[in-house]
Amino acid sequence: MKDNTAHECPKFNFCSAPICPLDNQWPERNHLKGERSCYLLRQIAKQNGRPQKIGTISQEVLHRIGQDYPQILSSKLTLAKTLEKASALPVRAGFQVR
């Protein structure tokens, strides 16, 4: 089982998104229409699902999110629709597409 690395997210202390890709139990959680979405997932959606080096997030954590991203999209359809909308918006400062 993967280690729970949610504390490595810069939004950890005040995030209310029900699906966190750094939470070991995200597959058991639900995302309902209108609920908040994960900041990291939104930024990665803007990068076509291929996370790049960002701020203080380790390369290992980014790799893990990148591996789980397709499964998150295929299993959480309401979240996938939200991320599709986010992908049309610009990447936030600190995230860079290479």
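The values are calculated or read from the model by the stated rules, or taken from the named source; none is laboratory data. Every value quoted in this text rests on a predicted model; they were computed, and no experiment measured them. For accessibility, only protein heavy atoms count, side chains too; no ligands or nucleic acids. Shrake-Rupley method; radii C 1.70, N 1.55, O 1.52, S 1.80 Å.
Suppose we keep only residues that are of a type in the set (K, R) and open to solvent by less than 40 Å² (accessible area, probe 1.4 Å) within segment 22-79. Which one would you say is nearest to C9 (Cα to Cα)?
To start, the set of residues in segment 22-79 that are of a type in the set (K, R) comprises 29, 33, 36, 42, 46, 50, 53, 64, 76.
With the extra rule that they be open to solvent by less than 40 Å² (accessible area, probe 1.4 Å), the set shrinks to 46, 64, 76.
Working: K46: 17, R64: 13, K76: 21 Å.
Restricting to residues being of a type in the set (K, R) and open to solvent by less than 40 Å² (accessible area, probe 1.4 Å), the top hit is R64.
Right, K33: assigned to a loop (DSSP other than H, G, I, E, B) and either modelled with pLDDT of 80 or more or β-branched (V, I, T) (or both) or not?
So K33 fits the description; yes.
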